[in-house]
Every structure is written in structure tokens, then in C-alpha cells.
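Okay, structure first, notes after.
Nothing in this text is a laboratory measurement; each read-out follows from the coordinates by a stated rule. Everything numeric in this text was worked out from a predicted model, so none of it was measured. No Cβ is skipped: glycine too gets one built from the backbone with ideal geometry, and neighbour counts run over all protein chains shown.
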Protein chains: 2
Amino acid sequence: MSKPLILVTNDDGIVSNGIRVLAEVMSEIGEVIVVAPDSPQSGMGHAITIGEPLRLIPEDLFDDLNIKSYKCSGTPADCVKLAKHHVFKDKSPDLVVSGINHGSNLAVSVLYSGTMSAAIEGAIEGYPSIGYSLADFSHDADFSHTRDYVKQIAEEVLAKGLTKGVALNVNFPPKQNEKIKGIKICRQAKAHWEEEFDHRKDPYGRPYFWLAGNFVNNDKGEDTDVWAVDHNYVAVVPCQYDMTAYHTMAQINDDWEI
Amino acid sequence: MSKPLILVTNDDGIVSNGIRVLAEVMSEIGEVIVVAPDSPQSGMGHAITIGEPLRLIPEDLFDDLNIKSYKCSGTPADCVKLAKHHVFKDKSPDLVVSGINHGSNLAVSVLYSGTMSAAIEGAIEGYPSIGYSLADFSHDADFSHTRDYVKQIAEEVLAKGLTKGVALNVNFPPKQNEKIKGIKICRQAKAHWEEEFDHRKDPYGRPYFWLAGNFVNNDKGEDTDVWAVDHNYVAVVPCQYDMTAYHTMAQINDDWEI
């Protein structure tokens, strides 16, 4: 049997440590191609580039692993689209993986996350897709405790498939003394960001703002991604991209004078 | 009773015709403040700006309507966040409206749409929110047939409220000889973009790519947003931001060796 073909991308950029770990682990189970942004794309959500051209340039960053790699001037979603059309061409990846993100993508953060937008783009294109994130923002975050789980989850998806249009959002707790307790299949917590903006003056006295804020979870459920990571489990949320609020359709039809 | 307080934003930028129409109509029913991007942000999805500072600068573009306006250097989602914290401050908008977008935001386009990201950001912040789009990309698109419906839908939402966490995605057919037939409450169609990339050479002989493609709808349902706009109805899709694929959770728990 030929090895599965795996596309690796991310949103922190092609030189980040997280994508290096992901490419290493994937190379143990398949034939890997890396197509990743040439610069950090955190917070890009599901942005795509339509107003300007895109560059796609071969790199040698992963040659030691025998992995072909390309850097792309666009967003994570652009990387998946360009990989499909101009790297894989008439082949199709058996798996699209994105990450490992430096920082968690829990609860509503899935909407803002470039990591997950690549995975959801993969799902839209019809490929089994997984986004991986580690709840540790630091550049030199320790990913060692994630490797076995990254591999196990990818192997489960390759062996058993995913419902069409579904991508997995996988979040790891930060490295701790205690070993990770296991994997939980979760729902997205009803948590949100409470932003603050730092209000500053530039060197010319003109005001500017910088987005900051705290993550607030009022969702007491023990079946959420936030609960799982807080309790040292790997959180796996299956995600889909139909945003329709079906439960409100009948009510609006009833209430409105239309 | 005091007039409702309405935040108007968009993704085509503060000088576009669509936001002008939206501000005019909203000024007939409430007290309006415009906070919109200083440049086009189409395709920005739910991007937020975290790696650089944001500017928020008063404008006089809407002074003739007695409307305060601000241009923002960030994304549509940034505009809503900055408006909340640094324009409205201790007040809250009674309604957040985004648009009117030059171009439709149907089916899965809701994920890529800056127009809808502003509306969904409004919903996340707890405000009743509506994104309006016209299925006509042109700069000088005719919005005249949308005005009555834009107003009616905003008034319905102000009078009857929206379920918390739900934003409306409203799409108008382009101006035609026949009058619009009415409003349909719809679900998001299972349609997608089939991309192509134009592969070109720059003046220095280096390759670049430009995203293009066609919108393909294989969803035969007559309850979808695509069907409604194709048949000269106003499509209203209630949207929510829980991406969990609940229907696959039990299956994954069953299938996986965890």
C-alpha cells in the first residue's frame, strides 16, 4: 500500500517550531508536503487574498526530512487552495493538517484562528482535515508531550475517515509535570474574549490602540474544549461550516410580518 | 422613547456607496454612528488585528446626515470591537448593521466575508446584528430596490429582537425589471467555490498567482439563500457561531480507540 499523502500548513509561518514538529510527526506516517505562509498569520480568521497576487516559492527548510516545502505570501486558507491547484495538481492529499499552533484555539477562537481556517478550508475542499494547537504562546514552547497524540489522531482519521465537511479542532494543554490524561471528544465552549484596548500615543503624539483582553469562560459544562484542556486532556472538537441557526428559523418566520 | 442607537460598519471601506445607502436608511429609524475600515477589506473573513496597532480617526463623510463617523485602520471585526470600547463606551448599540456589501455573501461565503464577520462579531458581543449584501459587485451598483427591505428588516429586529448569539445574513438580488418578490427565511446552501488560479509572470519574469473561480451550487433545496436570491427574493439566513459538528461526536467516540 502506498503511503498517505499529507499536506502540512499552519498560521504561525513556515519557520515556526510548531510546524516543524508537525512535519516531523507526519513524516513517520506518510509522504509529506509543506505549503505554509511566509510570515505569521495569527488572527487572520478565514481570510483569503483576492485583491493582490500570491507568490508560491520553493524552500529548503525541510530537506533534511526529505520533505518538499513551499512558502506562500497569502493566508492559511490561500495555502490550502494553492497547494490543491499548483502543488498536488491531479493528486489529492489524503489528509490536511495545520499547526501546531503556538497558542490555544478554544471556544469561539475557532472563528479568529488562521490554524483552523486552513483545516476548515481543507474540509470544504473535501479532504479529512485537522488543526492542532498548543495552549502555550511562547516561541520556544515545549511540544514534546504532543507528539504521540498528534500521530494517534492523524492515524485514527486516516484509518476511519471523517464525515465529509468536518474538520477536527485539536487543542493540547501546555507541558506539565503530570502526563496528559487522554483524549476527550468535546463541543466548543460558550466562552468569549473580553477585550481591552491599550490606548497609547505614537512618537508624534497621535493616538493608537492595541488589542488586548482576557478569555472568559462562563460555560460550566464538562463536555467542552476549555474544560478538557484545563483538566490536562487533549480536546478534540469536530467542526463544520454550516453557520445556519436552524433553531431560530421557525421563530423568525412566526414573529415577523413578512 | 429615545431613538435606537445603531452602529454602521462594512468591509468595502468607509467611502463605498453601499455603506452610504445603509447609513441613510438607518438614520430614518435611529441615531447612527459609522465606524468603518479606511480601505477595502473584502475576503478578510473573521480576521482581527493583533500584531500591529490600530488607528481610529474621525471623518466628516456623513456630516450632511448629522452622523458621526470614524475610519479605522483594521478589519471589520476590529471596527466593531473598537466602536464598543472607544466610541460607544458606556452606552451600547441597540443594533449593529454591516454593509451593504457590493457582492453577495451566500452559502459558505459567510466564512470569507468581512461584512458578515462584523455582524457575527456584533452577535458575539451580545448585540442584535445584521449583515446586508447585494448580489452585484460593481462599484456603482444600484441599491435603490433594497432600501425598503433594509429598513423593514432592521425594524423587525429592533421590535422583536434576535436570539442571543444570532446574526442575520441578508442577501439582495441585483436590481431587475421585476420587483423583488418578498423575504424568505433561509438556510445556508451547500454550495462552494471552485477556484482557479491565474498563473502569470511579473515584469521580472517571476511567477505569481491570482485567485479566481466559479460559485457552484449542487444544493437543489428551495429553502436556501442561493435559491431565494436566484428567484428574486431577499434571503435572510440566521447565523450562529458554534461550529461544533454535534452529529459526529458520538460516532467519533464510538469509532476511535481512545
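See the values below:
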{"item": "Choice from B:Glu59, B:Glu28, B:Glu194 showing the highest fluctuation, given a GNM over chain B with Cα pairs closer than 10 Å", "result": "B:Glu194"}
{"item": "Normalised contact order of region A:39-128, rounded percent, pairs of Cα under 8 Å and 6 or more residues apart", "result": "37"}
{"item": "For A:231-243, mean number of other protein chain Cβ atoms within 10 Å", "result": "5"}
{"item": "Highest-first arrangement of A:122-134, A:207-219, where packing means the average Cβ count within 10 Å", "result": "A:122-134, A:207-219"}
{"item": "Two-site label geometry, B:Glu195 and B:Lys68: point separation in nm, points 7 Å out along Cα→Cβ", "result": "4.1"}
{"item": "Counted charge near A:Ala135, where neighbours are those whose Cβ lies closer than 13 Å (Asp, Glu -1; Lys, Arg +1)", "result": "-3"}
{"item": "Alpha carbon centroid spacing (whole Å) that separates region A:181-258 from region B:152-198", "result": "24"}
{"item": "Length-normalised contact order for chain B - Cα pairs under 8 Å, 6+ apart - percent", "result": "17"}
{"item": "Net charge of Cβ neighbours under 15 Å - reference B:Glu195; Lys, Arg +1; Asp, Glu -1", "result": "-3"}
{"item": "Exam field: B:Lys181 pseudo-label spacings to other copies (7 Å along Cα-Cβ), nanometres", "result": "5.5"}
{"item": "Share antiparallel - DSSP beta bridges, the protein assembly as shown, percent rounded to 5", "result": "45"}
{"item": "Separation in nanometres of the label points that stand 7 Å from Cα toward Cβ, at A:Ser39 and A:Glu257", "result": "5.3"}
{"item": "Across the identical copies, how the A:Glu196 labels are spaced - nm, sorted shortest first, 7 Å along Cα→Cβ", "result": "5.3"}
{"item": "5 angstrom amide H check on B:Asp142, placed H, neighbours 5+ away", "result": "B:Lys175"}
{"item": "Entries in B:Lys151/B:Lys179; B:Lys3/B:Lys179; A:Lys190/B:Lys220; A:Lys68/A:Lys164; A:Lys84/A:Lys184; B:Lys151/B:Lys184 that, when Cα-Cα distance is taken, lie over 23 Å", "result": "B:Lys3/B:Lys179; A:Lys190/B:Lys220; A:Lys68/A:Lys164; A:Lys84/A:Lys184"}
{"item": "Of B:Asn177, B:Asn232, B:Asn169, the one that fluctuates the most in a GNM where chain B has Cα springs shorter than 10 Å", "result": "B:Asn177"}
{"item": "Under 11 Å, Cβ to Cβ, from A:Ala245 - net charge with Lys/Arg +1 and Asp/Glu -1", "result": "0"}
{"item": "Per-residue mean of C-beta atoms belonging to partner chains within 10 Å, peptide A:203-210", "result": "4"}
{"item": "Footprinting exposure proxy for B:His247, B:His145, A:His46, B:His102 (fewest neighbouring C-beta atoms within 10 Å first)", "result": "B:His247, B:His145, B:His102, A:His46"}
{"item": "Residues A:Trp210 and A:Lys179, FRET efficiency given R0 of 56 Å [Cβ-Cβ distance, rounded to 0.05]", "result": "0.90"}
{"item": "Taking region B:31-70 and dividing mean pair separation by its residue count, relative contact order in percent (alpha carbons under 8 Å, at least six apart)", "result": "56"}
{"item": "Exercise: per-residue mean of other protein chain Cβ atoms within 10 Å, B:245-256", "result": "6"}
{"item": "Pseudo-label separations to other copies for B:Ser138 - Cα-to-Cβ vector, 7 Å, nm", "result": "5.9"}
